[in-house]
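The values are calculated or read from the model by the stated rules, or taken from the named source; none is laboratory data. Computed from a prediction, not measured in an experiment: that's the story for all the values here. Cβ sites come from the backbone with ideal geometry, for glycine too, and all protein chains shown count toward neighbours. All accessible areas refer to the heavy atoms of the entire protein, side chains included, with ligands and DNA or RNA removed. Shrake-Rupley method; radii C 1.70, N 1.55, O 1.52, S 1.80 Å.
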Amino acid sequence: MEPFPDLPGFRHWPGWLEEAAQASLLVQIEAALVVAPLYRPETPGGKPLSVRMSNLGPLGWVSDRAGYRYQATHPETGAPWPPIPSGLIGLWNDLGGGPAPPDACLVNLYRGDARMGLHQDRDEADLTAPVLSVSLGDTAVFRIGAAGPGPTRSVRLASGDVCALTGPARLARHGIDRLLVGSSRLVTGGGRINLTLRRAA
Ligand code: MD3
Ligand code: FE
């Protein structure tokens, strides 16, 4: 755990998952993505995101012309999202996710020059519950700053890293500036998968 005195509530565990654990988690995620294919959400303004997304669990985060929301079904197939692997629930319990289990796991795939602009995550009903992030594959240059105006800092998120956003960091502004393409060989076809475990409802 690295301390970030300027960002209370942000915790980072570099290399928390060893390579074998990363690989077995990825096998489970890739199987789930056969059931719930990655797709390209659109912003409410109608622009496709550069990140491809899917979800696991009772609820999934979606974006389209109607806005941002959580819903129980895949927007393209209409099927329920597949379950969250038990190992991820264990990670939530071990790393301070809280008493209620996560009910949503957003899967983000970054390839090439995919990025995610600075934003806050505030579509969840209970903003006191933490968010837990697991990174797999290529290293990302992650940007984070406290909620509201002020400086941001850059943190590299590598394969196997886990971070938790709790307390004041739950409403931090954050985004992905870019990938270090080719820094990992884990993900089939290259790139980076980020998993975020959340309490949506
Ligand atoms: C800080 N994902 O899915 S993970 C997202 O790497 C998202 O795909 C990025 O931002 C990614 O919303 C960053 C780290 C992260 C996740 C959730 C957070 C940081 C956060 C929620 C609140 C504050
Ligand atoms: Fe986010």
Quiz item: With ARG199, ARG173 as the choices, which residue is over 27 Å from PRO82 (Cα atoms), of a type outside the set (Gly, Ala, Ser) and buried (at least 16 other Cβ atoms within 10 Å of the Cβ)?
Solution: ARG173
Quiz item: Could you give every pair whose Cβ atoms fall below 7 Å, whose first residue belongs to region 182-196 and is modelled with pLDDT of 95 or more, and whose second residue is aromatic (Phe, Trp, Tyr) and crowded, with 19+ Cβ neighbours inside 10 Å, counting only separations of at least 6 or pairs across chains?
Solution: GLY191/TYR110; ARG192/TYR110
Practice problem: Spot the failing condition for THR139; the list is (1) in contact with a Cys (Cβ under 6 Å, 6 or more places away or on another chain); (2) under 15 Å from PRO14 (Cα atoms), and only one is missed. | Solution: (1)
Quiz item: Of these, THR166, THR128, which one is open to solvent by 20 Å² or more (accessible area, probe 1.4 Å), touching a residue at least 12 places away in the same chain (Cβ under 8 Å) and either more than 16 Å from ligand 2 (Cβ to nearest atom) or in contact with a helix residue (DSSP H, G or I) (Cβ under 9 Å, 6 or more places away or on another chain) (or both)?
Solution: THR128
Quiz item: Taking VAL181, is it open to solvent by 50 Å² or more (accessible area, probe 1.4 Å), over 14 Å from the mean Cα position of the chain (by Cα) and more than 16 Å from ligand 2 (Cβ to nearest atom)?
Solution: yes
Practice problem: State which residue is most open to solvent (accessible area, probe 1.4 Å) when the search covers only region 91-125 and only residues that are under 16 Å from ASP177 (Cβ atoms) and within 16 Å of ligand 2 (Cβ to nearest atom). | Solution: ARG115
Quiz item: Taking interchain pairs and intrachain pairs at least six residues apart, which have beta carbon atoms under 8 angstrom, with the first residue in region 100-117 and within 15 Å of MET53 (Cα to Cα) and the second of a type in the set (Lys, Arg) and open to solvent by 30 Å² or more (accessible area, probe 1.4 Å)?
Solution: ALA104/ARG199; ASN108/ARG52; LEU109/ARG52; ARG111/ARG52; ALA114/ARG52; ARG115/ARG178
Quiz prompt | Residues being closer than 13 Å to PRO37 by Cα and more than 16 Å from the chain's Cα centre (by Cα) - total across region 56-80 | solution = 8
Practice problem: Keeping to region 39-55, report how many residues are within 13 Å of ligand 1 (Cβ to nearest atom) and either modelled with pLDDT under 95 or open to solvent by less than 50 Å² (accessible area, probe 1.4 Å) (or both). | Solution: 7
